[in-house]
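Data first, discussion second: the structure below is written as structure tokens.
The values are calculated or read from the model by the stated rules, or taken from the named source; none is laboratory data. As the structure is a prediction and not an experimental result, all values here were calculated from the model. Counting neighbours? That spans all protein chains shown, and the Cβs are built from the backbone with ideal geometry, glycine included. Side chains are part of the model used for accessible areas, which takes the heavy atoms of the whole protein and leaves out ligands, DNA and RNA. Shrake-Rupley method; radii C 1.70, N 1.55, O 1.52, S 1.80 Å.
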Amino acid sequence: HRGVPALITALREAPDAERVELVRALESVAFQSLGSDQSKWQQWWKTEGQKSRKLLLSEAFAGAGYGLDGLTATQYRGMCILALAEDAWYLRHAAHRLLQVQYGQPVHRGAFWGEKNGSAADELRESVTYFWKNWLKERL
């Protein structure tokens, strides 16, 4: 995450539309939401920035109630599938990526990037969860 300091610096003077994208990029690295407050992101970088993505992800999942460490492969898949229904887009995205890496199966990214709101977003999440459950059931 070498580009994080530049993203944080850009928050200060970026127009609103760009700030939204900068915050999303930061959230995808941090696996948490700190809004568009540059000082909060600077503090996060100071205290957490040297951690590996794997550790940041593990901590984010544990904080949301999904401890992934020490699980069997079946339990790990189950936790990732449960996390696909999370409200936090960056946790959904991370769960999807973990499943993708493990099984090499892409799914529509709009379900994870928060491009839809309300019932449309719920339907996308349900369809992605359904996809993974069925895909895994057929192959495992």
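Answer with yes or no whether A17 is under 17 Å from A94 (Cα atoms) and either not hydroxyl-bearing (S, T, Y) or not in a loop (DSSP other than H, G, I, E, B) (or both).
Details: under 17 Å from A94 (Cα atoms): no; either not hydroxyl-bearing (S, T, Y) or not in a loop (DSSP other than H, G, I, E, B) (or both): yes.
When the stated conditions are applied, A17 does not pass them.
Mind telling me which of the residues L11, L22, L7, L34 ends up being within 22 Å of L91 (Cα to Cα) and over 17 Å from the mean Cα position of the chain (by Cα)?
Exactly one of L11, L22, L7, L34 is within 22 Å of L91 (Cα to Cα) and over 17 Å from the mean Cα position of the chain (by Cα), namely L7.
Could you count how many residues in segment 18-34 are in contact with a helix residue (DSSP H, G or I) (Cβ under 7 Å, 6 or more places away or on another chain), in contact (Cβ under 8 Å) with a residue 12 or more places away in the chain and open to solvent by less than 60 Å² (accessible area, probe 1.4 Å)? Explain how you work it out, then say what you get.
Initially, segment 18-34 is screened for residues in contact with a helix residue (DSSP H, G or I) (Cβ under 7 Å, 6 or more places away or on another chain), giving 19, 22, 25-34.
Those still in the list that are in contact (Cβ under 8 Å) with a residue 12 or more places away in the chain too: 19, 22, 25-33.
Those still in the list that are open to solvent by less than 60 Å² (accessible area, probe 1.4 Å) too: 19, 22, 25-31.
Result for segment 18-34: 9.
All but one of (1) modelled with pLDDT of 75 or more; (2) surrounded by fewer than 19 Cβ atoms within 10 Å (Cβ to Cβ); (3) in a helix (DSSP H, G or I) hold for G70; which doesn't?
All conditions pass for G70, except number (3).
Run down L84, L124, L140 and say which single residue is at pLDDT below 85, more than 30 Å from L11 (Cβ to Cβ) and hydrophobic (A, V, I, L, M, F, W, C). Outline the logic, then answer.
Details: L84 fails: more than 30 Å from L11 (Cβ to Cβ); L124 fails: more than 30 Å from L11 (Cβ to Cβ).
The match here is L140.
Kindly indicate whether Y76 is closer than 29 Å to S127 by Cβ and buried (at least 16 other Cβ atoms within 10 Å of the Cβ). It would help to see each step written out before you state the result.
Values: closer than 29 Å to S127 by Cβ: yes; buried (at least 16 other Cβ atoms within 10 Å of the Cβ): yes.
Here the answer is yes, as Y76 does meet what is asked.
Within segment 80-107, track down each residue that is free of Cβ contacts under 8 Å to residues at least 40 places away in the same chain and either touching a strand residue (DSSP E or B) at 6+ places or on another chain (Cβ under 7 Å) or over 15 Å from F31 (Cβ atoms) (or both).
L82, L99, Q100, V101, Q102, Y103, G104, Q105, P106, V107, listed by residue number.
Under 7 Å between Cβ atoms, which residue pairs at least 6 apart in sequence (or on different chains) link something in segment 44-64 that is under 14 Å from L98 (Cβ atoms) with a partner that is of a type in the set (F, W, Y) and part of a loop (DSSP other than H, G, I, E, B)?
From segment 44-64, the pairs are L56/F31; L57/F31; A60/F31.
Any idea how many residues of segment 35-67 are hydrophobic (A, V, I, L, M, F, W, C) and open to solvent by 70 Å² or more (accessible area, probe 1.4 Å)?
Residues flagged as hydrophobic (A, V, I, L, M, F, W, C) and open to solvent by 70 Å² or more (accessible area, probe 1.4 Å) within segment 35-67 amount to 1.
Within 16 Å of R2 (Cα to Cα) and surrounded by 12 or more Cβ atoms within 10 Å (Cβ to Cβ): does that describe E86?
On the way: within 16 Å of R2 (Cα to Cα): no; surrounded by 12 or more Cβ atoms within 10 Å (Cβ to Cβ): yes.
Considered against the rule, which asks whether it is within 16 Å of R2 (Cα to Cα) and surrounded by 12 or more Cβ atoms within 10 Å (Cβ to Cβ), E86 comes out as no.
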